[in-house]
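Novice: Please find one structure pasted underneath; my questions will follow.
The values are calculated or read from the model by the stated rules, or taken from the named source; none is laboratory data. Computed from a predicted model, the values in this text were never measured in an experiment. Neighbour counts run over all protein chains shown; Cβ positions are idealised from the backbone, glycine included. In case anyone asks, the SASA skips ligands and DNA or RNA and just uses the protein heavy atoms, side chains included. Shrake-Rupley method; radii C 1.70, N 1.55, O 1.52, S 1.80 Å.
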Number of protein chains: 2
Amino acid sequence: MGKRILFVDDDASILLLVSDVLSDAGLTVRTAGSGEEALEIIQQEFFDLIVLDIMMKGISGLEVCARIRGQVECPILFLSAKDDARDIIRGLGLGADDYLTKPFVLEELVARIQAHLRRQERIAPQRPPQSILQIGEICLNPEEMTVSKAGNPVSLSTKEFELLAYLMRNAGQTLSRERIFRDVWKTDFGDLGTVAINIKNLRVKLDPDWSYIKTVWGSGYRFVTRSGYAEEGKHYEH
Amino acid sequence: MGKRILFVDDDASILLLVSDVLSDAGLTVRTAGSGEEALEIIQQEFFDLIVLDIMMKGISGLEVCARIRGQVECPILFLSAKDDARDIIRGLGLGADDYLTKPFVLEELVARIQAHLRRQERIAPQRPPQSILQIGEICLNPEEMTVSKAGNPVSLSTKEFELLAYLMRNAGQTLSRERIFRDVWKTDFGDLGTVAINIKNLRVKLDPDWSYIKTVWGSGYRFVTRSGYAEEGKHYEH
DNA sequence: CGGGGTTCTTAATAATTCTTTATAATTGCG
DNA sequence: CGCAATTATAAAGAATTATTAAGAACCCCG
């Protein structure tokens with residue numbers, strides 16, 4: 001479900017037009033036709049971003065902003081026909097985050113809204129309480145960057161840790177070297193042998209008998225889903 | 001000490017004019033005359049916000065943005081003579097946060113910059129410096145400048161104390177050496193090795209097994225958010 | 001004004017991690 | 001069995017970080 005936007009304007013046609021476009025962009029839109037209505041809605045519902053028209057009869061957008069700033073900490077974007085710099089400065093000074101003058105290009109409004117939402121994500125990412133991963137006797141704690149096997153702590157380097165986390169998150173799937181390298185190293189150029197080496201390091205440190213990290217010949221690697229029984233034994237004898 | 005702004009434009013007169021105005025507004029301004037210069041500076045220093053002119057000879061502002069977005073998470077504001085909505089949308093799509101067309105009113109630029117900085121504060125506020133910080137069995141009292149571990153007092157030097165307080169206030173985040181140095185030492189020139197040394201001192205005094213202060217290879221340091229049980233053991237053996 | 005001690009910084013050295021390169025081992029197939 | 005493709009291991013080099021040690025700056029106290 002998309003982010004929630006509150007759009008406040010006393011021009012019904014704009015309200016309709018914009019809410020259509022924003023919906024198409026995957027956002028959930030709630031509209032209000034006046035400052036009074038907006039204040040009421042804001043008390044009751046949560047929004048990720050609020051768009052306020054400044055020139056409205058009754059309570060103006062500026063006043064709405066001044067009243068809710070302090071209670072609500074989502075980004076606020078002003079919309080106004082006045083393009084005088086003084087008004088813009090005053091609007092931003094009230095605690096708003098952006099100011100767009102009418103008439104505006106719809107796509108620019110969408111782009112600006114998404115820029116704000118993106119920033120919100122980047123700064124305060126909703127951390128889905130990074131769950132602890134446990135498969136067999138291997139336990140990985142993303143929060144503390146720690147790994148243990150049968151209760152005993154195992155010390156891994158950063159890359160080894162990231163690789164293990166990636167494998168465990170995608171346990172059961174066979175992952176190609178290309179995909180692993182792209183997702184864990186996050187670069188396009190580089191040597192795929194690097195993956196093999198880190199796989200080996202992991203095996204040496206916490207999987208000497210290859211119980212967890214299997215090699216799928218010609219395809220890639222696979223972390224077993226449940227471990228324990230199906231002891232397969234390593235492929236290589238040395 | 002004001003927030004640090006990087007201002008990039010190949011027009012020297014604008015560079016001078018704007019940096020004056022921003023300085024008057026209490027901000028610390030660093031300037032770059034080309035995209036190449038900007039990229040180099042960004043690798044070495046930390047900024048709270050970056051202003052990029054789009055039309056520059058050599059590496060354009062758009063390209064600078066594309067390259068640093070991902071590494072740098074501060075707000076980026078574009079400046080351009082082109083007021084075509086398509087350019088604005090493209091700019092914002094690249095991960096920028098705002099777009100202002102030339103010619104612009106200086107005060108509006110200042111207002112927009114401050115709006116972004118204000119929001120940064122609101123979203124990711126440094127925890128109030130006065131409150132007592134406790135993470136795991138480490139307890140820090142800013143009021144009395146004292147630190148204790150599991151109830152036993154630990155004696156730290158001034159800089160060590162400030163560094164620990166900074167780390168604990170920003171627990172959970174990975175903090176680059178540049179950023180730590182700027183925020184704790186509050187000077188621009190100096191050796192980043194100083195940070196490493198004080199980190200080591202802290203570890204010796206109250207974190208001999210690296211349970212709290214983690215090294216994020218290639219990035220910086222990170223104070224764990226919750227700590228305690230899962231004792232890990234250090235990476236280095238000696 | 002000093003002395004004595006602590007703290008801070010700089011510089012040099014050691015240790016670790018990551019990547020690349022090279023070599024050995026294994027698998028699949030004829 | 002032998003060849004080619006694939007994977008594993010080993011070792012070296014570069015980059016990053018940790019540690020050590022020594023000199024400079026600072027502060028407190030007489």
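Novice: Any residue that is among the hydroxyl-bearing types (Ser, Thr, Tyr) and within 24 Å of residue B:73 (Cβ to Cβ) - is there at least one of those in the stretch A:118-133?
Specialist: No.
Novice: State all residues of the stretch A:145-156 that are surrounded by fewer than 20 Cβ atoms within 10 Å (Cβ to Cβ) and assigned to a loop (DSSP other than H, G, I, E, B); if no residue qualifies, say none.
Specialist: A:145, A:150, A:151, A:155
Novice: Which residues, counting only those in the stretch B:168-190, are assigned to a helix (DSSP H, G or I), within 14 Å of DNA strand D (Cβ to nearest atom) and open to solvent by less than 10 Å² (accessible area, probe 1.4 Å)?
Specialist: B:180
Novice: Follow-up question, since we're still on this one. Give B:117, B:163, B:133 a once-over and let me know the one that is within 16 Å of DNA strand D (Cβ to nearest atom), hydrophobic (A, V, I, L, M, F, W, C) and either touching a strand residue (DSSP E or B) at 6+ places or on another chain (Cβ under 9 Å) or not assigned by TED's automatic domain parsing to the domain that holds residue B:25 (or both).
Specialist: When all the criteria are applied, what remains is B:163.
Novice: Can you name the residue in the stretch A:100-117 that is more than 7 Å from chain B (Cβ to nearest Cβ) and under 25 Å from the mean Cα position of the chain (by Cα) and, of all such residues, is most open to solvent (accessible area, probe 1.4 Å)?
Specialist: Result: A:114.
Novice: If you scan the stretch A:215-224, which residues turn out to be open to solvent by 20 Å² or more (accessible area, probe 1.4 Å) and more than 9 Å from DNA strand C (Cβ to nearest atom)?
Specialist: If the condition is that a residue be open to solvent by 20 Å² or more (accessible area, probe 1.4 Å) and more than 9 Å from DNA strand C (Cβ to nearest atom), then A:216, A:219, A:222 are the ones that fit.
Novice: Residue under question is residue A:165, and the condition is that it be more than 10 Å from chain B (Cβ to nearest Cβ), part of a loop (DSSP other than H, G, I, E, B) and either without any contact (Cβ under 8 Å) to a residue 60 or more places away in the chain or closer than 19 Å to residue B:224 by Cα (or both); does it hold?
Specialist: So residue A:165 fails the test.
Novice: How many of the residues in the stretch A:66-93 are of a type outside the set (A, V, I, L, M), more than 10 Å from every other protein chain (Cβ to nearest Cβ) and buried (at least 22 other Cβ atoms within 10 Å of the Cβ)?
Specialist: Final tally of qualifying residues: 1.
Novice: Let me ask something additional. Test residue A:96 against the criterion of being part of a loop (DSSP other than H, G, I, E, B) and at the interface with chain B (Cβ under 9 Å from one of its Cβ atoms), and give yes or no.
Specialist: Answer is yes for this residue.
Novice: For residue A:193, state whether it is within 13 Å of DNA strand C (Cβ to nearest atom), of a type outside the set (Val, Ile, Thr) and either loosely packed, with under 12 Cβ neighbours inside 10 Å or at pLDDT below 90 (or both).
Specialist: yes
Novice: Could you check residue B:138 against (1) in contact with a Lys or Arg (Cβ under 7 Å, 6 or more places away or on another chain); (2) open to solvent by less than 30 Å² (accessible area, probe 1.4 Å); (3) within 13 Å of DNA strand D (Cβ to nearest atom) and say which number it fails?
Specialist: Of everything listed in (1) in contact with a Lys or Arg (Cβ under 7 Å, 6 or more places away or on another chain); (2) open to solvent by less than 30 Å² (accessible area, probe 1.4 Å); (3) within 13 Å of DNA strand D (Cβ to nearest atom), residue B:138 misses just condition (3).
Novice: Evaluate the stretch A:11-23: report whether one residue or more is touching a Lys or Arg at 6+ places or on another chain (Cβ under 9 Å) and loosely packed, with under 15 Cβ neighbours inside 10 Å.
Specialist: No, because not a single residue in the stretch A:11-23 is touching a Lys or Arg at 6+ places or on another chain (Cβ under 9 Å) and loosely packed, with under 15 Cβ neighbours inside 10 Å.
Novice: Can you name the condition, by its number, that residue B:52 falls short on among (1) assigned to a helix (DSSP H, G or I); (2) crowded, with 23+ Cβ neighbours inside 10 Å?
Specialist: (1)
Novice: If we scan the stretch A:121-133, do we find a residue that is within 30 Å of residue A:8 (Cβ to Cβ), of a type in the set (Asp, Glu) and within 13 Å of chain B (Cβ to nearest Cβ)?
Specialist: Yes, the stretch A:121-133 contains a residue that is within 30 Å of residue A:8 (Cβ to Cβ), of a type in the set (Asp, Glu) and within 13 Å of chain B (Cβ to nearest Cβ).
Novice: Quick one: what pairs do we get from the stretch B:211-225, first residue near DNA strand D (Cβ under 7 Å from one of its atoms), second open to solvent by 10 Å² or more (accessible area, probe 1.4 Å) and of a type in the set (Phe, Trp, Tyr), C-beta under 9 Å, 6+ apart or different chains?
Specialist: Short answer, once both residue conditions are applied: B:215/B:221.
Novice: From the list A:202, A:206, which one is surrounded by 18 or more Cβ atoms within 10 Å (Cβ to Cβ) and either more than 14 Å from chain B (Cβ to nearest Cβ) or near DNA strand C (Cβ under 9 Å from one of its atoms) (or both)?
Specialist: Selected residue: A:202, the only one of A:202, A:206 that is surrounded by 18 or more Cβ atoms within 10 Å (Cβ to Cβ) and either more than 14 Å from chain B (Cβ to nearest Cβ) or near DNA strand C (Cβ under 9 Å from one of its atoms) (or both).
Novice: Counting only residues that are touching a Cys at 6+ places or on another chain (Cβ under 9 Å) and more than 17 Å from residue B:105 (Cβ to Cβ), how many does the stretch A:73-96 have?
Specialist: So the answer is 3.
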